[in-house]
1. About the Cα centre of the range 1-153, what is the dipole size in debye to 20, counting +1 per Lys and Arg Cβ and -1 per Asp and Glu Cβ, all else neutral?
2. Can you tell me the Rg and Dmax of the range 59-110, counting just the alpha carbons, in angstroms?
3. Please work out the average accessible area per residue across the chain, using the 1.4 Å probe convention, and give it in Å².
4. Quick one: which residues, 5+ away or cross-chain, put their amide H under 5 Å from the amide H of Ala145? H built at 1.01 Å from N.
5. Zone of Ala131 (label point 7 Å along Cα→Cβ, backbone N under 20 Å): which residues in the range 38-72?
6. Just to be sure I follow: if Rg is taken over the C-alpha atoms of the range 8-50 and Rh is the Kirkwood radius over the same atoms, what is Rg/Rh?
7. GNM, the chain, Cα, under 10 Å: largest mean-square fluctuation among Pro164, Pro93, Pro106?
8. Over the range 22-88, what percent of the accessible surface lies on carbon and sulfur atoms, probe 1.4 Å?
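The values are calculated or read from the model by the stated rules, or taken from the named source; none is laboratory data. All values reported here derive from a predicted model rather than from experimental measurement. Neighbour counts run over all protein chains shown; Cβ positions are idealised from the backbone, glycine included. Just the protein is used for accessible areas: all its heavy atoms, side chains included, with ligands, DNA and RNA removed. Shrake-Rupley method; radii C 1.70, N 1.55, O 1.52, S 1.80 Å.
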Amino acid sequence: MTTPDYLKPYEQAVSEHGGTFDATLWVSKVGQLLRFQAFLDHIDFNGASILDVGCGIGDFAQYLIEKQIQFSSFHGIDAMEAMVQTANEKSYPLCTFKAEDIVFKPKSLQGYDWITISGTLNAMEQEQAMAIVRDSFQAAESGVAFNFLSNQCGRDPESENLYPARRFDTIQMLQMAFELTP
């Protein structure tokens, strides 16, 4: 099977860095942690089953554990096998990780209270990202927490190199979200 375009940058990063933080393509650990904290600022994950789509090396699970969040279960999926291997090596309690591409297996979204998607959408086209968010809202028992890079940030897109990430039309993303949930 040919690697989809949205996975090619990750495939290249894994070939260069193995299953490490560098292969997640986050610009900085600080940026990643700020997104995780934003989730915790608005959601009580205590007692919840969580599916982390695009889990990378299990950083969100580690973050929740460090913050002493008592989730009932945590399942991470990522399309890159090397990332999942690294996550599994950490042996976090109540956590499982599996190599899976949600684009091709949307039924994997079923059976969780919360679905989180942090940074995963950034290398996709907006329409594909929106389809994943829609599928997630239909599947989640309690809710979906996702983030993306906004085109409303005030930065000049011509002077900014985000590759492989892209900025999404924030108004369109919000309109979609409000159609899915109040």
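1. My answer is approximately 160 debye.
2. 11.5, 33
3. 53 Å²
4. Amide H neighbours of Ala145, under 5 Å, 5+ apart: Ile115, Thr116, Ile117.
5. Once the point is set 7 Å along Cα→Cβ of Ala131, 53-55 turn out to lie under 20 Å by backbone N, inside the range 38-72.
6. 1.14
7. Largest GNM mean-square fluctuation: Pro93.
8. 51 percent
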